[in-house]
Structures are given as C-alpha cells and as structure tokens.
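Computed from the coordinates by the stated procedures, all read-outs in this text should not be read as laboratory data. Because the structure is a prediction, the values reported are computed rather than measured. Note that each Cβ is placed from the backbone with ideal geometry, even for glycine, and that neighbours are counted across all protein chains shown.
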Ligand SMILES: Nc1ncnc2c1ncn2[C@@H]1O[C@H](COP(=O)(O)OP(=O)(O)OP(=O)(O)O)[C@@H](O)[C@H]1O
Ligand SMILES: [Mg+2]
C-alpha cells in the first residue's frame, strides 16, 4: 500500500499538495483568499432557498439582490448571524458554491481539492459548540483541515500591527453582525468585549425610527442604503428621498430622510459602543494603559468607513484612534499573512 502511495506521489506531485485557503465568513460579506494568489472572492453571505422543494437555488450577490423582493416560494437566508453560523446547511452550501466559483477553477485538471487547508476566524465570545459547528461546516464543504483563530488577533495583524510584541494593540472591529473590541499583546487577547449591535442592528434601528417618525415602512436594503449614504459623525448634512409604504394605508409613500434623522436613530447605539469600549479599558491593568495611549486604537470592519467615527471614539475614550486602510479587508489580510507564517500561526491558532 505504502509503495503504491509513494508511486502516485512520484507520478503526480499535485495529488498530495496542500492548498491554503483563508475564509472570512462575515455576517454580510464573505472574503476568500488563496495562498500566493491573493483575494479571489468578495460576495454577500446570502443564500436563496426554494421553500417548496427545500433546495438552495442561488447564493451570494444574486441572493442579496433579491432580499426583500423575493416571491413567496423563495426564502432568502443569511446563514451567518452575529458572526457565527445560524444555519449550518445553508453555510455548507454557500461555501461549496464559493469554492466552485473562486477556488477550484485555479486547480482544474489536478486533484488539489483533496488537500484544502482552511484558515478562519471566530469571535472571542464564541462557544465550543459554535466553533465545532464551524469546523464541521468547513470539512463538509470539502476542506481536509481547518484552523480557527480569534478574530481580533487576525484583524489587528491584517491592519498592519505587530501583535507579537509586548506593546499592546487595541482593535475595534465594526462589522455587520458584531462590534468586537479587544486588547492584544504577545499574540494573545488580554481583554475583549463583543456587542451584537453591528451594522445589521443599525439598519433595524433606522427602520424603526422611520416607522415611528414618518409612518413609513421600508425594506432592509433601503435602511442599509440610508445608513451608508447619510450616517456620519462629522456634521455633514445630507438628504435622500426614499420610497416605501405608508403605515396608515399601505400605499406608496415618499419621504426625504436627512442625515439628522439617521444620527438620531443611531445615537443610542453609538453611545453603547463607546460605553462598552470604556468598560473594556477599565478592565485592563494600569501598566497596559500607557502602552495603549502610545499605540492607539485601530478600527476595522466596513462600518469603520462612517465619516468621523475615529474622532467620535477618540474624543470619548481619550486614546488616539485611526481607521485601518481598507478596514473591511483587515480580517482576510490577516489570514493571508498568518497562512504564510507557520511559527506565528502556531502561537495564535487555538483549534485545528
Ligand atoms: N461605506 C460604508 N460606510 C459605513 N458602513 C458601511 C459602508 N459600507 C458598508 N457598510 C456597513 O458595514 C457593515 C459590513 O461590514 P463588514 O463587511 O466588515 O461586516 P462582516 O465582516 O460581514 O460582518 P461581521 O464581521 O460582523 O461578521 C454592514 O452593516 C454595511 O452596511
Ligand atoms: Mg467581519
């Protein structure tokens, strides 16, 4: 048997080659990178299911596009919620499709699929059961092995910080599903805090606000659009006319929504974020504070693109704050870097 295996190895050097794949299964977006090939996919983490047959029928951008507009027999699923799996089967389907679309074409004509090694992240608040489910989803989707790393470690590294020294690094990830703040030294988490009030929650707050103030009913995609276009923490004034349904009579209704409206809708949620960051700072040892002030806070996640959010946070917590360049790619960039550095990876991996 062994001799047959070694013969195959000699005949085809590709059969047993390992391919390292980084996957950031975000609540709103999935990003995939192949070692030495770069980022090969960025698509919404959405799946469409035929409710009559139970079959999944589309995924990614196509599924997000139809969100809120689908006919009765189609259910659009967001298989990741608050950065963890909420629908196991839909997650496996989505990963299989993404691999088919963005990874396998690179290796057509080889047997490389057998050697996929996955690298991914989990929130610091995730339970063992949630971590096991994520590992199982990777294996079911076609991976041979999967390594899990705590999300803030990867983000801080992807944002360009050296997380392996004794200088503390403070990272706040502002994603769609969670806001996760963490302080890292020597490649480990000193303290962290997770809030389930990410960008998706903000969209719901805007929906509720318009419902109450204008008697207007809008879809989730419109709420998200208003947040991205109008929300800012730097006194910029903007206005957008949106169409929805009247709460009174169900007929079409158009309202001019202002930045002020969106700011009011999100004020409490933004305060909660800052308050929880302050609570986190209170938990760290005094020796770490000086280092934090020196190194500052780095913001990651696409919600960090809100104008003025860096000043808003630094004014309140009294620590200099910067936004990572391409903040939405910090996680996948961190995975790309760690995949290459086996020794450092071994220090941060906690399940594999
Ligand atoms: N230009 C923008 N300004 C502000 N927010 C934005 C912008 N573009 C997208 N967003 C919001 O950022 C959030 C998505 O961020 P990101 O892609 O980092 O999340 P994710 O990685 O999918 O989720 P998570 O890490 O929480 O699981 C969404 O709520 C989206 O509406
Ligand atoms: Mg994310």
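Averaging the sequence gap over all C-alpha pairs within less than 8 Å and six or more residues apart, then dividing by the number of residues, gives the chain a relative contact order of 17 percent.
Packing-wise, with mean Cβ within 10 Å as the measure, how do 253-262, 190-199 rank, highest first?
In decreasing order of mean packing, 253-262, 190-199 become 190-199, 253-262.
Packing around the peptides 285-293, 41-49, taken as the average count of other Cβ atoms within 10 Å per residue, puts them in this order, highest first: 41-49, 285-293.
Given the Cα atoms of the chain, and with Rh set as the inverse mean 1/r over their pairs in the Kirkwood sense, what is Rg to Rh to two decimals?
1.01
Packing order of peptides 155-162, 63-70, highest average first: 155-162, 63-70 (average count of other Cβ atoms within 10 Å over each peptide's residues).
Ellipsoid semi-axes for the range 237-352, based on the Cα gyration tensor and the rule √(5λ), read 38, 21, 14 Å when sorted largest first.
When Rg and Dmax are taken over the Cα atoms of the range 167-233, they come to 16.0, 52 Å.
Relative contact order of the range 199-263, please, whole-number percent, based on alpha carbon pairs below 8 angstrom and at least 6 residues apart. Computed value for the range 199-263: 32 percent relative contact order. Distance from the alpha carbon centroid of the range 225-264 to that of the range 165-198 works out to 32 angstrom.
Rounded to whole Å and ordered largest first, report the semi-axes of the equivalent ellipsoid of the range 199-263 derived from its Cα gyration tensor (root of 5λ). If you can, show how the numbers build up before the last one.
Details: eigenvalues 77, 30, 17 Å².
Semi-axis lengths for the range 199-263 are 20, 12, 9 Å.
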